[in-house]
Amino acid sequence: MTRPTVCQVGREERQAGIVSIRRWGMPTTLAVGVTAAVVAASLGSATFYSTRHYRSLLESARASALAQGQLIYAALEHQMLEHDRSLLSGMIETFGREKGVEKVVLLDREGRVRFSSRPAEPETRLSLESETCQVCHRLPAEKRETSQVIETGGGKVLRTVVPIRNHAACFGCHDRSHRINGIILVDLSTADIRAAMDRDLLWMGAFSAVIALLLLGAITLVVRMVVTRRLQRFEAEARRIASGDLGQRVRVGGSDTLAWLGEDFNALADTITGLLRDVHGQREQLETVINGIDDAIVVLDPDRRVIAANDAFLRRTGGSRERLLGSTCHETVIGTCGAGDCPTLRCLQTGEGQVRIFERRDPSGSIVWEEVHASPIRRSSGQVVQVVEVWRDISERRAAEARLAESHRLASLGMLASGFSHELNTPLATVLTCVEGIQRAARTGDGADPEWRRIEESASIAREQLLRCRGVTQHFLRLSRGRDAGDCLVDLAAACAAVGRLIEPTARANGVRVVVEPGAPGLVVRVNEADLQHVLLNLLLNSIQACAHEGRVRLAVVPGDPVRIEVVDDGCGISPDNLKRIFEPFFSERRGGTGLGLFLSLEFVRHWGGDIRVRSAPGRGSTFEVVLPAPGASSPLRILS
């Protein structure tokens, strides 16, 4: 029952399922991962840097604008005290022309533009309700800042507000109840700030990219030297072990994680190698045991293809293991069974074990009887996935059963012969006594009288014939030694009538009346006539023995397809427990019985393709029904069980 080695089984599946570590697989993966990490870190750093740098540039611009506003405020205060406004106008125009300055405006407390670096804006008025003013004034006073980025018609600007506060030196011209006399506005363009920040960010990105490339190259080289080469050795050794070279191991060096992994890998390989050796040894031992069994064993899949077989099955089929494995059983085992009686098909359909008995001829032409046991192999879900067939040669057992049947037939005939001889010997003895009396009377008469001599001679002849008849009855027991004539068409009416005549003396001796209803003449079945009479005699004898005095037994033929022969009695019946065992060999309810009658009767009937059915209940009698196929229902293969 040899199968491929454990390492060979499923090698293609394992190779297809293993994700191999290729030469550049891990470095590429790590490079992609590190690149993604560096890019993410660089983007995060660039975002953080741009935000901080932009704020820093704004703070610098805010400080510069505030300084300019303070300078203008100081000049304004000096010029107002001197009543000279020419210097103030020149300063505003000068500051307004500096790089990055959008405009510089001086507003009075009413919001009117007094001085502006843009000539078109003097005499205009800036309302406190405007959108640009509300950027700050919608906030509480404690949260307002001196500078704020606002949106104007020309884009975003950084506006710095320097209030001109009213103090004692200004009371000569301004009402002392006012806190603020005016406002200085300095607008700086944010576009220049953004451009400067973008230039710095570009340089930073280029420098980070160079650093990232160098870092990736270094990581790739280190991973290749330290990790990939060692893992490739792991892969190579694992492939050698998977291919069957169980002695291969990974060379371990160092004390890092990969070295520990190598040690664990070698320990695992040692364990697996030991387990494989154990499995291999147990498999060889199991194969030796199975191959040592004389019965032929074969394992079939749901398509009836041979998965495994022992040596006995190979000898039975006469083929090689290579040709047998993978082929279907009906292709390999010719002339055994067909699709209608295959035990494996029946086992797959019902999920239950099956038993069949087949007749075949071996290569020498001899008839071989085989008993087949088909047993299902199920998954945990209960589904039948395989079937194990065990073929056993029962030719010797069949011969022994035939000898038992012959012995039982002789015993039954002996019982009938005893009753027949008793019934026949009584009138024979009476007639013989009378004949001997006549012979004695003739001898005592006148010997010269020809008439007396003729009477004596006739009496002598009659006495010899009577003695001959008594000898026939003595030798009746030897009539059962005739040879089997084989199956033939038997007239049931004639057979039942003959059985009725044979059983009549026994029935009369037991006080039982036997009624024979043979049916219409011409109803025939294909059986062995002597064996059929033996079956019916055995059933009638059992029924007679089960009946009380003045009981009744009926033998009737019911035509149809199949043909039924009923033996009905009004005897004691059979209990349910015993009803299940009455056809077992050597089981008998009658003291002194052999327990073989019903067993052999069932074997005879099944040999003809029929069956025996029983209906019985304690105290209600029994009905035995012999079911036989019509003559046209014969099959080229005889199934016995």
Label-point gap, in nm, between Ser243 and Ser177 - each point 7 angstrom along Cα→Cβ: 10.7 nm
Interchain or sequence-distant (5+) residues whose placed amide H lies within less than 5 Å of the amide H of Ile357 are Val372, Leu640, Ser641
Ordering of 599-612, 287-300 by burial proxy (mean other Cβ atoms within 10 Å per residue, highest first): 599-612, 287-300
Spacing of the two label points (7 Å from each Cα toward its C-beta) at Thr623 and Val226, in nm: 9.4 nm
Quick check: convex hull over the Cα atoms of the range 487-641, volume per residue in Å³, rounded to an integer? 105 Å³
How far apart, in nm, are the 7 Å Cα→Cβ label points at Val384 and Val614? 2.8 nm
If the chain between Glu423 and Ala236 were fully stretched, how many nm would it gain, using 0.36 nm times the residue separation less the Cα-Cα distance? 57.5 nm
Let me know the Kirkwood hydrodynamic radius for the range 202-352, please, with Cα pairs as the basis and the value in Å to one decimal. 21.3 Å
Taking every alpha carbon pair in the range 292-393 and sorting the distances into 10 angstrom bins from 0 up to the bin holding the longest one, the percent per bin comes out as 16, 51, 29, 4, 0
Highest first, please rank the peptides 507-514, 211-218, 95-102 by the mean number of other Cβ atoms sitting within 10 Å of their residues. 507-514, 95-102, 211-218
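None of the figures in this text is laboratory data; all of them are computed from the coordinates on show. Note that the coordinates shown come from a computational prediction; the quantities given were computed from them, not determined experimentally. Here the Cβ is made from the backbone with ideal geometry for all residues, glycine too, and neighbour counts use every protein chain on show.
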